[in-house]
1. Can you tell me which residue among Ser152, Ser126 is more than 17 Å from the chain's Cα centre (by Cα) and either at pLDDT below 95 or in a loop (DSSP other than H, G, I, E, B) (or both)?
2. Could you say whether any residue in the stretch 108-124 is surrounded by fewer than 17 Cβ atoms within 10 Å (Cβ to Cβ), touching a residue at least 24 places away in the same chain (Cβ under 8 Å) and over 27 Å from Pro85 (Cα atoms)?
3. Check Ala106 against each of (1) within 12 Å of the chain's Cα centre (by Cα); (2) farther than 24 Å from Asp31 by Cα; (3) among the small types (Gly, Ala, Ser) and name the one condition it does not meet.
4. Checking Gln165 against (1) out of contact with any Gly (no Cβ under 8 Å at 6 or more places or on another chain); (2) assigned to a helix (DSSP H, G or I), which test does it fail?
5. Within the stretch 42-54, identify whether any single residue is farther than 24 Å from Val139 by Cα and assigned to a strand (DSSP E or B), and answer yes or no.
6. Among the residues of the stretch 47-62, is there at least one that is under 21 Å from Asn174 (Cβ atoms), hydroxyl-bearing (Ser, Thr, Tyr) and either buried (at least 21 other Cβ atoms within 10 Å of the Cβ) or free of Cβ contacts under 8 Å to residues at least 60 places away in the same chain (or both)?
7. Within the stretch 80-102, which residues are touching a residue at least 24 places away in the same chain (Cβ under 8 Å) and among the charged types (D, E, K, R)?
8. Name the residues in the stretch 1-41 that are assigned to a loop (DSSP other than H, G, I, E, B) and polar (S, T, N, Q), would you?
Amino acid sequence: MIIDPFTTRDRLITASILSADFSKLGSEIDDVLAGGADFLHLDVLDAHFAPNLSFGPPVIRCIRPVTRAFFDAHLMIAEPLRWAPAMVKAGAQNITFHVEVADDPARFAREIRQLGCRVGIALSPSTPVQAILPALDEVDVVLVMSVVPGFSGQVFMPEVLGKCQEIKKRLRENQRMEIDGGINEQTIASAVAAGVDWFVTASAVFDEPDRRAALAKLRQHLPGRSDS
């Protein structure tokens, strides 16, 4: 478990709790972290920007005492500035908003940073890299969606890898690139080759009875990382 993923240049695996069994969410979190996940990814959907509804600040607040793991909140919502304060108050340590809902993405990033958290910007598969450039100097992480936002278990879209390569060339040493969607044992290597730093895993881990074994298979593809 990584307490602050920004303090290392290692390639890291973050587990999306959207695919967990919410009837036993605390033990699910313990299981994936003990099994080797580096931190937790919180996919927040509002049924407006993305065609699904997940969870919000109350769930984040409930699980915050369960673990010291870093909370990486991915807001797939239409009004990130409205809800970001509650997310941070509940325990989120990084807030990633979608460029598609931001009329001024640099301003969005600055306003979120004022909450005392890290800031990320995300772009959907159909969104060009140019859309995030006005905010690139204002964010800590760029999240590239490799599926259409909304549901876990979708098939990885390899056409976004060129986008990853382009973004990687523009990032500073202290910035990270994250990929979300369809990451599994078959797709993670190509994302590594495209320069991705953080890999969001969901069903590839939570759907497996042995989470440690599932994470070890993914970790084998990360340079310099072991399956321990």
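1. Ser126
2. no
3. That leaves (1) as the condition not met.
4. Tallying (1) out of contact with any Gly (no Cβ under 8 Å at 6 or more places or on another chain); (2) assigned to a helix (DSSP H, G or I), Gln165 fails exactly one: (1).
5. For the stretch 42-54, residues farther than 24 Å from Val139 by Cα and assigned to a strand (DSSP E or B): present.
6. Applying the first criterion (under 21 Å from Asn174 (Cβ atoms)) to the stretch 47-62 yields none.
The answer is no; no qualifying residue exists.
7. Of the residues in the stretch 80-102, the ones touching a residue at least 24 places away in the same chain (Cβ under 8 Å) are 80-81, 83-102.
If the condition is that a residue be touching a residue at least 24 places away in the same chain (Cβ under 8 Å) and among the charged types (D, E, K, R), then Lys89, Glu100 are the ones that fit.
8. First, pick out the residues of the stretch 1-41 that are assigned to a loop (DSSP other than H, G, I, E, B): 1-4, 8-11, 20-21, 36-38.
If the condition is that a residue be assigned to a loop (DSSP other than H, G, I, E, B) and polar (S, T, N, Q), then Thr8 is the only one that fits.
The values are calculated or read from the model by the stated rules, or taken from the named source; none is laboratory data. Quick caveat: nothing in here was measured; it's all calculated off a predicted structure. For neighbour counting, all protein chains shown are included, and Cβ atoms are generated from backbone atoms with ideal geometry for every residue, glycine included.
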